[in-house]
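Asker: Starting off with a structure, shown below.
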Amino acid sequence: MNYRSSFFILTCLGLGFAFLYIPILSMVVFSFNASKLVTVWDGAHSPTLKWYVALLQNEEILDAAWISVKVALINATGSVILGTLAGFGLARFSQFRGRFTLNAMTTAPLVMPEVITGLSLLLLFVALEQLIGWPAGRGITTMTIAHMTFSMAYVTVIVNSRLATFDTALEEAAMDLGAHPLKVFFVITLPIIFPAILSGWLLAFTLSWDDLVISSFTSGPGSSTLPMVVFSKVRLGVSPEINVLATITIGVVTAMIVGVSLWMARKARLERVAP
Amino acid sequence: MRTAQQLQRIGISGRGLVVALPYLWLMLFFVVPFIIVLKISFSDIDLAIPPYKPLLEWVGKNSLAIKVNFNNYAFLFTDSLYLRAFGNSIKVAFISTLLCLVVGYPMAYGIARAKAATRNVLLLLVILPFWTSLLLRVYAWIGLLKANGVINNVLMSLGIIHEPLTMLYTPFAMYVGIVYSYLPFLILPLYANLEKMDWQLLEAAEDLGCRPWQAFYKITLPLSRNGILAGSMLVFIPAVGEFVIPALLGGPNALMIGRVLWDEFFSNRAWPVASAVAILLLILLVPFMMWYQSVQARETAGAR
């Protein structure tokens with residue numbers, strides 16, 4: 001690149017990242033602000049941790065967070081199982097009946113507007129309840145099923161693209177030596193795609209933890225998730241406690257992402273040294 | 001082994017078992033629900049739980065009558081609110097996609113041309129906001145944009161403006177929110193595409209006397225076509241049905257179809273009307289989804 005165009009690109013990168021990060025930083029900074037006005041900095045009494053204390057004593061938020069954790073944990077584990085099966089099938093079996101449909105069904109949820117997915121799942125649950133009496137009412141179960149349906153699509157894509165980039169020689173060699181396909185999967189394939197499965201699990205957890213629209217459609221009384229509580233609070237205006245919640249979320253996510261990428265970079269380096 | 005043979009005899013293979021579980025799951029929880037939405041979009045509103053009348057009714061003893069009514073659809077086409085909401089959603093999603101391209105293309109290009117070590121850090125910085133809650137990131141903009149918010153306070157203390165600007169609850173705020181939230185979805189596929197580019201082509205073009213902008217226009221842009229399309233679809237399709245951003249930043253007049261569907265369902269309890277809105281939205285978006293899938297297929301085929 002010549003000097004002028006690289007200057008232009010650098011400016012764009014700088015402005016772009018400023019655009020992405022200023023809102024996030026503003027929440028972190030104002031979570032330590034003493035004033036209840038949130039965006040007016042009270043220099044005399046700040047920084048303070050009083051909103052952190054207030055958040056940890058807020059029963060409504062803590063209860064909702066506990067429900068969100070439960071749903072996200074079951075969802076992540078279930079989606080990883082379903083998504084790995086689908087991703088493995090799509091990557092390794094070139095021909096099978098229903099391949100086209102399975103491919104379409106795992107791509108569509110990625111772009112489907114959430115209001116449509118939410119409404120359609122709720123109507124299914126209502127119809128099923130009328131027909132066979134299950135699920136009785138709506139709550140954590142229906143919400144988890146709904147989350148798994150869209151999360152598994154993401155896991156499928158991740159596992160599928162990981163399998164597409166590594167060649168089948170190892171698996172074939174093991175099978176030629178007489179290993180049962182199941183053994184090949186658990187001994188050879190699974191360790192190789194493990195980073196993809198880990199990313200898929202984390203992504204599925206996050207998607208569920210963040211979801212507002214699909215949860216609102218499929219939850220029942222007494223099973224409000226954290227985003228649902230946050231949404232009803234935010235609609236009434238800004239609140240210092242939400243800034244604290246955002247800061248904690250950002251801290252946890254940053255630590256997790258940085259940790260996982262360092263671990264993967266180290267693993268990749270070790271693999272290069274000793275193949 | 002004997003069970004495997006027995007299973008094979010009735011047409012079930014190991015391969016079939018692997019894909020059967022996800023296949024059945026998605027059939028039951030992704031495809032069947034749409035059939036039910038379609039069904040309910042043709043039924044009458046009822047003051048009952050659930051608030052719609054059955055399509056099939058026993059008339060007399062042995063005859064079953066199907067009552068299909070098109071009232072919900074007719075209603076959507078007669079009340080101008082719905083058509084305006086559809087039109088406005090497409091307009092907002094289209095402009096947002098263009099804005100994302102303007103902001104995101106140079107970023108994806110810059111990341112793809114950076115040194116390997118810097119590239120990984122920059123990619124991480126793009127992915128990081130995507131992992132933090134969308135709701136909280138949209139909420140951050142309320143604090144930045146409101147009358148006594150951060151942007152107004154900064155501009156006023158610098159003496160650039162004397163009265164606070166009205167930014168929150170305007171179309172401007174909604175565009176900022178959508179571009180902000182969907183930017184990573186555009187950058188990542190575009191980066192994946194640009195990363196595979198053979199940059200020697202650009203050097204060759206410049207050696208042959210092309211100006212940098214000409215080289216970009218004639219080589220980089222056409223070669224990154226699939227990346228542009230894939231990224232744009234990932235922004236456009238969900239943005240058409242977006243609910244959270246217009247609800248929080250757009251103010252009461254932000255007429256978006258996702259919001260209309262939400263209100264029909266939660267405020268008016270008009271499930272059949274909400275279903276009809278969902279079906280029309282789906283009909284509108286399915287061509288784009290198929291386009292996205294074919295672009296994706298071309299991309300992965302090119303990568304192998």
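Readers should treat all values here as calculations from the given coordinates under stated rules, not as data from a laboratory. Please read these numbers as outputs of a predicted model, since none were measured by experiment. Using ideal geometry, Cβ is built from the backbone for each residue, glycine included, and neighbour counts are taken over all protein chains shown.
Asker: To make sure I understand, if each residue's beta carbon is the centre and we count other beta carbons within 10 Å, what order do A:Glu129, A:Glu60 fall in, fewest to most?
Answerer: Taking fewest neighbouring Cβ atoms as first place, the list is A:Glu60, A:Glu129.
Asker: Right, next: Would you work out the charge dipole size for segment B:70-303 about its Cα centre, treating the Cβ of every Lys and Arg as +1 and the Cβ of every Asp and Glu as -1, and quote it to the nearest 20 debye?
Answerer: On the way: 14 positive and 11 negative charges, 22 e Å.
The dipole of segment B:70-303 has a size of about 100 debye.
Asker: Using a 10 angstrom cutoff on alpha carbons, build the Gaussian network for chain B and name the most mobile of B:Leu125, B:Leu24, B:Leu249.
Answerer: Judging by the Gaussian network model, the answer is B:Leu24.
Asker: Students often forget the sequence filter, so: which lysines lie under 18 Å Cα-Cα from A:Lys50 once same-chain residues fewer than 8 apart are removed?
Answerer: In chain and number order, the partners are A:Lys36.
Asker: Which value does Rg/Rh take for the protein assembly as shown over its C-alpha atoms, Rh per Kirkwood?
Answerer: 0.98
Asker: On a full-extension model of 0.36 nm per residue, what is the gain between B:Leu155 and B:Ile45, subtracting their alpha-carbon distance, rounded to one decimal in nm?
Answerer: 34.4 nm
Asker: Taking the Cα centre of the protein assembly as shown as the origin and placing charges on Cβ (Lys, Arg +1; Asp, Glu -1), which of B:Met174, A:Asn75, B:Gly14 is farthest toward the positive end of the dipole?
Answerer: Comparing the listed Cα positions along the dipole, B:Gly14 ranks first.
Asker: In debye to the nearest 20, how big a dipole does the protein assembly as shown give about its Cα centre with +1 on each Lys and Arg Cβ and -1 on each Asp and Glu Cβ?
Answerer: Computed charge dipole of the protein assembly as shown: roughly 880 debye.
Asker: For chain B, what is the calculated [θ] at 222 nm in deg cm²/dmol (nearest 500), taking -39500 (n - 2.57) for each run of four or more DSSP H residues and dividing by its residue count?
Answerer: On the way: 15 runs with 211 residues, N = 304.
Dividing the helical sum by the residues of chain B leaves -22500 deg cm²/dmol.
Asker: Which value, in Å³ per residue, describes the convex hull spanned by the Cα atoms of chain A?
Answerer: Values: hull volume 58.6 nm³, N = 275.
Measuring per residue, one finds 213 Å³ for the Cα hull of chain A.
Asker: List the residues, sorted by chain then number, that are 5 or more residues from B:Tyr52 or on another chain and whose placed amide H is less than 5 Å from its amide H.
Answerer: B:Asp46
Asker: Now for a different question. Where does the charge balance sit around A:Asp63 when Lys and Arg score +1, Asp and Glu -1, over other residues with C-beta under 15 Å from its C-beta?
Answerer: Net charge around A:Asp63: -1.
Asker: OK, next. Using Cβ counts within 10 Å as a stand-in for footprinting exposure, how do A:His147, A:His45, B:His162 rank, fewest first?
Answerer: B:His162, A:His45, A:His147
Asker: Would you calculate a helix-derived [θ] at 222 nm for chain A, using -39,500 (n - 2.57) for each DSSP H run of n ≥ 4 and dividing by the full residue count, to the nearest 500?
Answerer: -25500 deg cm²/dmol
Asker: Which shape class applies to segment A:49-101: rounded if a/c is under 1.5, otherwise prolate when a/b exceeds b/c and oblate if not, where a ≥ b ≥ c are the square roots of the Cα gyration tensor eigenvalues?
Answerer: Here segment A:49-101 falls in the prolate category.
Asker: Got a sec? How would B:Cys210, B:Cys100, A:Cys12 order by Cβ neighbour count within 10 Å, fewest to most?
Answerer: Details: B:Cys210 16, B:Cys100 27, A:Cys12 19.
Ascending Cβ contact count within 10 Å gives the list B:Cys210, A:Cys12, B:Cys100.
Asker: Right, here's the next one. Could you pull out the pairs from B:Lys53/B:Lys91; B:Lys115/B:Lys218; B:Lys39/B:Lys61; A:Lys70/B:Lys196; A:Lys267/B:Lys115; B:Lys115/B:Lys146 whose alpha carbons sit more than 29 Å apart here?
Answerer: Table pairs above 29 Å Cα-Cα are B:Lys53/B:Lys91; A:Lys70/B:Lys196; B:Lys115/B:Lys146.
Asker: Mind checking which of B:Ile237, B:Met289, B:Pro272 is farthest towards the positive end of chain B's charge dipole, using Cβ charges of +1 (Lys, Arg) and -1 (Asp, Glu) about the Cα centre?
Answerer: B:Met289
Asker: So which helices of chain B fit the span-like rule, where a helix is a whole DSSP H run, its Cα atoms reach 20 Å or more along the axis, and its mean Kyte-Doolittle is at least 0.5? Kindly include the intermediate steps, with their values, before the conclusion.
Answerer: Details: long enough: B:80-113 (49 Å, 1.06); B:116-131 (23 Å, 1.69); B:171-195 (34 Å, 1.17); B:225-240 (22 Å, 1.38); B:271-303 (45 Å, 1.16).
Flagged H segments are B:80-113, B:116-131, B:171-195, B:225-240, B:271-303.
Asker: Tell me the angle of helix A:190-210 to the major Cα principal axis of chain A, expressed in degrees between 0 and 90 and rounded to the nearest ten.
Answerer: Approximately 30 degrees, to the nearest ten.
Asker: Still on this structure, I have one more. Classify segment A:1-142 as rounded, prolate or oblate, taking a ≥ b ≥ c as the square roots of the eigenvalues of its Cα gyration tensor: rounded when a/c is under 1.5, otherwise prolate if a/b is larger than b/c and oblate if not.
Answerer: oblate
Asker: A further question follows. Quick one: grab Rg to one decimal and Dmax as a whole number for chain B, Cα atoms only, in Å.
Answerer: Expressed in Å, the Cα Rg and Dmax of chain B come to 25.3, 86.
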